[in-house]
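Shown next, in structure tokens, is the structure this report addresses.
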Amino acid sequence: MITSLRGTLTSVTPSRATVELNGFEYEVNIPVTTAEKLPAPGAVLKLHTHVIYREDAQTLYGFASPAERDFFRLMIENVTGVGPKMALSIMSRLSLSSLESAIRMGDIGLLAKVPGIGKKTAERLVVELKSRVGGADVSLSGAGEPSAGAGQPANAVRDAVAALVALGYKAADADQAVRRAALVAGVEATTEQLVKKALS
């Protein structure tokens with residue numbers, strides 16, 4: 001199992017990154033939330049990966065942190081009807097902290113707004129992952145080696161999203177605004193700093 005890939009980023013799109021390592025170029029499927037954190041092409045980076053082997057293909061999926069990779073695994077291994085493509089779509093729409101919060105709170109409405117995710121799939125996400133989210137299997141702290149800009153304190157992000165929602169933002173829009181603010185404000189930013197940056 002290939003659990004991580006460190007090399008030179010040669011190209012990146014919102015859904016795919018190409019990483020050169022020892023003369024080989026690896027194509028890695030990524031969610032938008034990871035693409036947002038990647039450096040410019042030419043930089044060295046580390047992606048935390050999950051590989052799926054099939055008879056006719058070997059596909060790499062990459063994430064900015066081990067926690068995001070582990071959440072991807074949780075979805076494709078435990079939620080009926082959620083495969084790699086749908087899992088990437090879910091993780092592209094919402095940050096890990098917002099996904100975990102939505103599942104823990106049973107927010108079917110927010111999950112169902114992800115493109116391609118209907119109410120039934122959203123309900124399965126809640127039912128099948130609620131007992132696993134926030135436990136040992138998935139750590140929002142992003143414990144481990146920092147990579148690709150990961151490491152924002154989960155509580156600060158969660159609280160900042162909640163603050164924007166209280167101000168009238170839609171949950172998905174608040175999540176996206178806070179993600180962008182976190183990239184600018186840095187990994188040590190407080191909830192107040194994230195909210196101010198998101199509103200500026």
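Since every read-out is calculated from the coordinates, none of them should be taken as a lab result. Keep in mind the model is a prediction, meaning the values are calculated, not measured. Here Cβ is always computed from backbone atoms with ideal geometry, including for glycine, and neighbour counts include all displayed protein chains.
Side notes on the structure shown:
- Additional length obtainable on full extension of the chain from Thr59 to Asn22, 0.36 nm per residue less Cα span: 11.4 nm
- Helices in the chain, meaning DSSP H runs of at least 4 residues, each add -39500 (n - 2.57). Divided by all residues, the mean residue ellipticity at 222 nm is -13000 deg cm²/dmol.
- A Gaussian network model of the chain, with springs between Cα atoms under 10 Å, assigns the largest mean-square fluctuation among Leu110, Leu60, Leu21 to Leu21.
- Span per principal axis, largest first, for the Cα atoms of the chain (Å): 50, 37, 29
- Karplus (6.51, -1.76, 1.60) ³J(HN,Hα), θ = phi - 60°, over the stretch 166-179, in Hz, Gly and Pro reported as x: 5, 7, x, 5, 6, 4, 5, 5, 5, 4, 5, 5, 5, 4
- Amide hydrogen neighbours beyond the local backbone of Lys46, cut-off 5 Å, H modeled: Ala148
- Subset of Lys37/Lys85; Lys85/Lys197; Lys130/Lys196; Lys120/Lys170; Lys46/Lys130 violating a 23 Å alpha-carbon distance limit: Lys85/Lys197; Lys130/Lys196; Lys46/Lys130
- Between Ser4 and Thr49, the built amide H atoms are under 5 Å apart, and every one of these is 5 or more places off in sequence or on another chain.
- A simple rule links phi to the HN-Hα coupling: the Karplus curve 6.51 cos²θ - 1.76 cosθ + 1.60 with θ = phi - 60°, which for the stretch 195-200 gives 5, 4, 5, 5, 8, 7 Hz, with x for Gly and Pro.
- Backbone phi angles across the stretch 6-11, fed through the Karplus curve with coefficients 6.51, -1.76 and 1.60 (θ = phi - 60°), yield HN-Hα couplings of 10, x, 9, 6, 9, 7 Hz in residue order; Gly and Pro are listed as x.
- Note on Ser131 and Leu199: their simple-model spin labels are 4.2 nm apart, each label 7 Å out from Cα toward Cβ.
- In a DSSP loop and with at most 10 other Cβ atoms within 10 Å, the GluC sites (Glu not before Pro) in the stretch 49-84 are Glu55.
- Rounded, prolate or oblate (a/c below 1.5 giving rounded, otherwise prolate when a/b exceeds b/c) for the stretch 4-63 by Cα gyration tensor: oblate
- Chain lengthening between Arg6 and Leu183 when straightened (0.36 nm per residue, less Cα-Cα): 61.6 nm
- Order of Ser15, Ser98 - criterion: other Cβ atoms within 10 Å of each residue's Cβ, fewest first: Ser15, Ser98
- Relative contact order (percent, whole number), the chain, Cα cutoff 8 Å, 6+ residue spacing: 17
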